[in-house]
1. Sticking with the crude label model, points 7 Å out along Cα→Cβ, report the distance from His11 to Gln164 in nm, one decimal please.
2. Can you tell me the order of 27-37, 132-142 when each peptide is scored by its average per-residue count of other Cβ atoms within 10 angstrom, highest first?
3. Taking 22 Å as R0, compute the FRET efficiency from the Cβ-Cβ separation of Leu100 and Asn121 and round it to 0.05.
4. How high is the FRET efficiency between Gln151 and Asn3 when r is their beta carbon distance and R₀ equals 45 Å, given to the nearest 0.05?
5. Averaging the inverse of every distinct alpha carbon separation and then flipping it gives the Kirkwood radius. What is it for the range 6-70, in angstrom units?
6. So what is the relative contact order for the range 80-167, in percent, with contacts set as C-alpha pairs under 8 Å and at least six apart?
7. Based solely on C-alpha atoms, express the radius of gyration and the Dmax of the chain in angstrom.
8. Pairs of alpha-carbon atoms within less than 8 angstrom and 6+ residues apart define the contacts here; what relative contact order does the range 98-144 have, in percent?
Amino acid sequence: MSNEKRDLVIHYDEDERKIIFYSTAVANTEKIRATEFDGVCPDISFFQAKSPSEAEQALGGMVFSLLDLHALMKVGIRDYETEAELAHQQYRQELEGEVLAGDTDAYYHLFIELHSSAMKNRSMDDLARAESLLITAVGQGHGEAIKMLEQWPDLKAAALRRIQRGANG
């Protein structure tokens, strides 16, 4: 076996109903890593903080969830879509609690959630609250919020156009 660094590629062959694991030179995945979405990228400490069985289970759950997310023919180990929605709802509730406690970072992250919700659900209420949270985070000196404020007029205008299209049909 060579001493070169290698990456693991997981391929779901839906036609054959097989999951294939490839070990390949890092250079072979360089373009993929440079152009694709960063994906799920927990720190190793996330796994090290768990028992070996829990870490293996967490990694396996992430793999199956991502395979099903992008598959036409789901693997079907669990209903990952429903689980993801429940986890997202829990995350949003946690952010709401942190905002009530005055957590500046939570203001910014809830702003992101509500802007996304405004776009998805064509909601003026979510858009207005998102803007309020952004302004609060900026006022509290949140660095990412300050940078985002420069983009906000364009993001808000795009959301308003989408919301208006929804209102007109």
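1. 4.8 nm
2. Details: 27-37: 9.8, 132-142: 18.0.
Ranking, from highest mean packing down: 132-142, 27-37.
3. About 0.45, to the nearest 0.05.
4. Efficiency, rounded to the nearest 0.05: 0.50.
5. One decimal place: 13.6 Å for the Kirkwood radius.
6. The value is 26 percent.
7. Final numbers for Rg and Dmax: 20.4, 63 Å.
8. 43 percent
We did not get these values from a lab; they are worked out from the coordinates using the rules stated. The shown structure was predicted, so the numbers you read here are calculated from the model rather than taken from an experiment. Cβ atoms come from the backbone with ideal geometry, glycine included; neighbour counts cover every protein chain shown.
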